[in-house]
Amino acid sequence: MDMSKYMDIFRAESEKYIKELSDSLLVLEIDPENTEQMNTLFRAAHTFKGMAATMGFKQIVELTHEMESLIDRLRTRQIVLNSSLIDVLLICVDTLDELVENVCKSEGDKPGKEKKERANKYEFYPEVYEVIKTLVELNGSPEKAFIERIEDNKLLSAKKKSIKEIDRLQKEEKNLAYPRLSPKVKIIQNSRISTEQLDKLMNLVGELVINRSRVNELTCNLKSKELETALSDFHKLTRELQDEVIEARMVPLDHIAYVYPRMIRDLARVQNKKIDFVIKGKEIKLDRTILEEIGDSLVHLLRNAVDHGIEVPEKRAELGKKENGTILVAASRQENFVFIRIEDDGRGIDTNEIRKVALNKGIISRESTEQLEEEEVMQLIFTPGLSTSDSVTDVSGRGIGMDVVKNRVEHLGGSVKVESKPGLGSRFELKLPLTIAVYQAMLVRVRTEKYAIPFTNIVKNIEVSSQETKHIKGQEVILIDNKILPLFRLRKQFQLPDNDNENNIYIVIVEKSGQYIGIVADELLGKQEVIVKSFKSKLLDSTRGFAGATILGDGNVILIIDVNSLI
């Protein structure tokens, strides 16, 4: 029987059980007497083994069998759980993750019979052998018999018997999970759909919305109640369809955050630190594209919190802090944005040290160093090549990373803020749009051309007399709420002639990382929902000042202004 058609299901289920194993081990390290988690751990290993046996992946069966035996000894209190055993079991989980990746990759290489034979081939990797050998020794199994079993490429009769038992138990579990129904197709509650299909659906919905606007434009002068009713229904239906497709693209933060507890735990052990790690709001959803893009940035911020932030227990005790440091990841949603905070109660950011390093590396001049405000100095941590670490480690200290974090967030239409107090800790806040496929924008006119400014950056719009503008050191500015606001004229940006007859100017005030600027346009045309179309041309993609394009209801293509690249 060709099992390759079940590979997608096997991979998805494997990821689920690997996560359960890892999560349970992390809980048990803190609370070894947690019977519920111990049972969850055993059940996950047992079910995983049965699933691998059904697929014919003998090496995974070998490893999970020995894991299950060790967990059973822990469960029945034949041996005592400690950090060393936790380390061994976590290495087993990592090995299982790698084995699953290998078999899934092998299954996708070649079709047909050869693929099946390759999946069933009992290739024993040396690293896996060492892991299983360790488990065998811990379980007190005869090592000689174990090695012979590998060399002969056969399972002992006892193993065959246990696999039969596994199959029987697995069938029972399936019967419990999926009760047998009467002949009257079981209702299917969920169905798998590829991300490629979701992207295609989103593009089609986008085209539908554009055509809806086009129909509105063409029929706006026709006076027909029937037509108005039909268009109203059409608008409602397309809006519901659009919302449903966007919702289908949304995935919870936990989709990437589940790996963080293990990562923090391992980093803390390497650096002899004690850390309490807390995640809040992991059920908050974002567009999968944003989540995939932001994953590495969150990892970098967390690694920095461990390496640069949290002190060793002895140092914390000297400072009057509790020995265990705390790192918090908290997500919340406000209207069309998601805010993700990464906080720690460590040493904080020393702005004097940042000034010193920035000066020594020639990033800023001595004159600028003395004039910069504390908030402006804090922003220097996002400068490429700036690092205050004394040494290079596997965790950080290479002078890279924070600039990449900032650029990636801003590329998604978001922003990054940082707050810190020496000795008390640091907080990084990422502001991200729910989706980058569709968003609200302010349409503006510059001469005969129209442009879109995303509402993610807009603070407010104002109209003032052109006589109110001033020039300071060659920079055009205006005084708003007793604060000097720099002005950025789109006419100048696009090398268009000035408007000599203007009496009033229209200003869109935008913000980026605490900095404000006023974008000057000839006219404000109002708010409109835009479907973002990324540039296909590499030449356009690298053009500064634009984030993409959209199509209006009249069929005209307009450019979307990238505020982040202008400030």
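Would you confirm whether or not segment 69-82 contains a residue that is outside the structural domain of residue 258 (by TED's automatic domain parsing) and under 32 Å from the mean Cα position of the chain (by Cα)? Looking through segment 69-82, none of the residues is outside the structural domain of residue 258 (by TED's automatic domain parsing) and under 32 Å from the mean Cα position of the chain (by Cα). Checking every residue in segment 11-23 against the condition of being more than 22 Å from residue 260 (Cβ to Cβ), part of a helix (DSSP H, G or I), in contact with a helix residue (DSSP H, G or I) (Cβ under 8 Å, 6 or more places away or on another chain) and hydroxyl-bearing (Ser, Thr, Tyr) gives zero matches. Filtering segment 195-209 for residues that are surrounded by 15 or more Cβ atoms within 10 Å (Cβ to Cβ) and touching a strand residue (DSSP E or B) at 6+ places or on another chain (Cβ under 8 Å) leaves a non-empty set.
Right, residue 267: buried (at least 19 other Cβ atoms within 10 Å of the Cβ) and either more than 15 Å from the chain's Cα centre (by Cα) or of a type in the set (Phe, Trp, Tyr) (or both) or not?
It is true that residue 267 is buried (at least 19 other Cβ atoms within 10 Å of the Cβ) and either more than 15 Å from the chain's Cα centre (by Cα) or of a type in the set (Phe, Trp, Tyr) (or both).
A single entry from 279, 349, 327, 294 fulfils the requirement of being assigned to a loop (DSSP other than H, G, I, E, B) and not assigned by TED's automatic domain parsing to the domain that holds residue 30: 349. Number of residues in segment 188-241 that are under 18 Å from residue 528 (Cβ atoms) and not in a helix (DSSP H, G or I) equals 1. Which of the residues belonging to segment 419-458 are under 28 Å from residue 374 (Cα atoms) and among the charged types (D, E, K, R)? If the condition is that a residue be under 28 Å from residue 374 (Cα atoms) and among the charged types (D, E, K, R), then 419, 421, 427, 429, 431 are the ones that fit. Just one of (1) at positive phi; (2) in contact with a Phe, Trp or Tyr (Cβ under 8 Å, 6 or more places away or on another chain) fails for residue 341. It is (1).
A single entry from 284, 275, 310 fulfils the requirement of being under 12 Å from the mean Cα position of the chain (by Cα) and aliphatic (A, V, I, L, M): 284.
Taking first residues from segment 323-347 that are closer than 22 Å to residue 294 by Cβ and partners that are part of a loop (DSSP other than H, G, I, E, B) and of a type in the set (D, E, K, R), the Cβ contacts under 9 Å between residues at least 6 apart in sequence or on separate chains come to 327/345; 328/345; 329/282; 331/282; 331/283.
Take residue 529 and decide whether it is farther than 30 Å from residue 238 by Cβ and at pLDDT below 85.
Numbers: farther than 30 Å from residue 238 by Cβ: no; at pLDDT below 85: yes.
No: the conditions fail for residue 529.
For segment 186-203, the candidate set comprises residues that are farther than 12 Å from residue 248 by Cα and of a type in the set (A, V, I, L, M, F, W, C); within that set, the residue that is modelled with the lowest pLDDT is 188. Can we say residue 492 is within 39 Å of the chain's Cα centre (by Cα), charged (D, E, K, R), in a strand (DSSP E or B) and more than 30 Å from residue 300 (Cβ to Cβ)? For residue 492, the condition - within 39 Å of the chain's Cα centre (by Cα), charged (D, E, K, R), in a strand (DSSP E or B) and more than 30 Å from residue 300 (Cβ to Cβ) - is not met. The listed residues are 397, 425, 413, and the only one of them that is crowded, with 19+ Cβ neighbours inside 10 Å, at pLDDT below 80 and in the same structural domain as residue 342 (by TED's automatic domain parsing) turns out to be 413.
The values are calculated or read from the model by the stated rules, or taken from the named source; none is laboratory data. This is a predicted model, so every value here is computed, not measured. Counting neighbours? That spans all protein chains shown, and the Cβs are built from the backbone with ideal geometry, glycine included.
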